[in-house]
Amino acid sequence: MIICAGRNETFKFAESIGVGLIESAINLTKLCLMNKPDSLLFIGSAGSYGEHKIFDIIESKKAANLELSFLSKDSYTPLDKVLESENAMTRNDTIVNSSNYISVNKDLCKEFKQYGIGIENMEFFSILQVAKEFKIPVAGVFVVTNYTNEKAHEDFIKNHKEAMSKLIKYLEANQIIKQKVSRETS
């Protein structure tokens, strides 16, 4: 099953599950309870911590939930900070950080790279958490729309349409979706 966040990232060939950690966890859990999929592929946008360029396509099977306050030693958590799909359909080791907040502090975000984290996407950590609970193989395919800096939202808006087009072309080229179906984006 192909899933996506929703709102301005919807596709006719993907099931929308909601934006952020909470909406995506709740709605993906509902989907899994009603009709458990054999596998999950999450597609969407991401912000780069600096290593990946705008419009790069990144596959991943790992997600983290580290907040900026953790990097500045202003918080800690007893919960798992990094999850990995054991049965993932990809071998890429790029870790995707997830939070309900978009990072805009370029200097602090550089520290994410010290933990092997390359990009951020609001939903992926909760998707891995739900997939782990239901024992479903999961992977993600992301297109970079912006860097994590003070212009993050502005660049996301500016690059979003082209990024979604490049994501669809990538899915077609890798035969994840058929060309005829993919042209029907919402």
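Every read-out reported here was derived from the displayed coordinates using simple, explicitly stated rules and does not represent laboratory data. From a predicted model like this one, the values you see are computed outputs, not experimental measurements. Cβ: placed from backbone, ideal geometry, glycine included. Neighbour counts: every protein chain shown.
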Next on the checklist: Suppose every Lys and Arg Cβ carries +1 and every Asp and Glu Cβ carries -1, with no other charges. What dipole size does the chain come out with about its Cα centre, to the nearest 20 debye?
Outcome noted: 500 debye
Item to check | Residue with peak Gaussian network fluctuation, the chain [Cα springs, cutoff 10 Å], from 58, 176, 168 | outcome: 176
Checklist entry - Using modelled amide H (1.01 Å from N, peptide plane; none on Pro or chain starts), what sits under 5 Å from the amide H of residue 6, excluding residues fewer than 5 places away? => result 17, 18
Checklist entry - Normalised by the residues of the chain, what does the relative contact order come to in percent, with Cα pairs under 8 Å and at least six apart? => result 31 percent
Checklist entry - Which loop chymotrypsin sites (Phe, Trp or Tyr not before Pro) in the range 1-88, with loop taken from DSSP, have no more than 11 other Cβ atoms within 10 angstrom of their Cβ? => result 76
Checklist entry - If one puts a single equal scatterer on every Cα of the chain and applies the Debye formula without solvent, what log₁₀ I(q)/I(0) results at q = 0.09, 0.10, 0.17 Å⁻¹? => result -0.29, -0.36, -1.08
Checklist entry - Percent antiparallel among DSSP beta bridges with both residues in the range 2-182, to the nearest 5? => result 35 percent
Item to check | the chain: DSSP helices with Cα axial extent of at least 18 Å and average Kyte-Doolittle hydropathy no lower than -0.5 | outcome: 20-34
Item to check | Within the range 93-160, trypsin sites (Lys or Arg not before Pro) in DSSP loop having at most 16 other beta-carbon neighbours inside 10 Å | outcome: 135, 151
Checklist entry - For the pair residue 102 and residue 12, how long in nm is the line joining their label points, each one 7 Å along Cα→Cβ? => result 2.8 nm
Checklist entry - Near residue 18, within a Cβ-to-Cβ distance under 12 Å, what is the net charge of the other residues, with Lys and Arg +1 and Asp and Glu -1? => result -2
Next on the checklist: Given R₀ = 30 Å, what would the calculated FRET efficiency be for residue 113 paired with residue 170, taking r from the Cβ atoms and rounding to 0.05?
Outcome noted: 0.80
Item to check | In the range 97-160, the GluC sites (Glu not before Pro) that fall in loop regions by DSSP, at most 13 other Cβ within 10 Å | outcome: 150
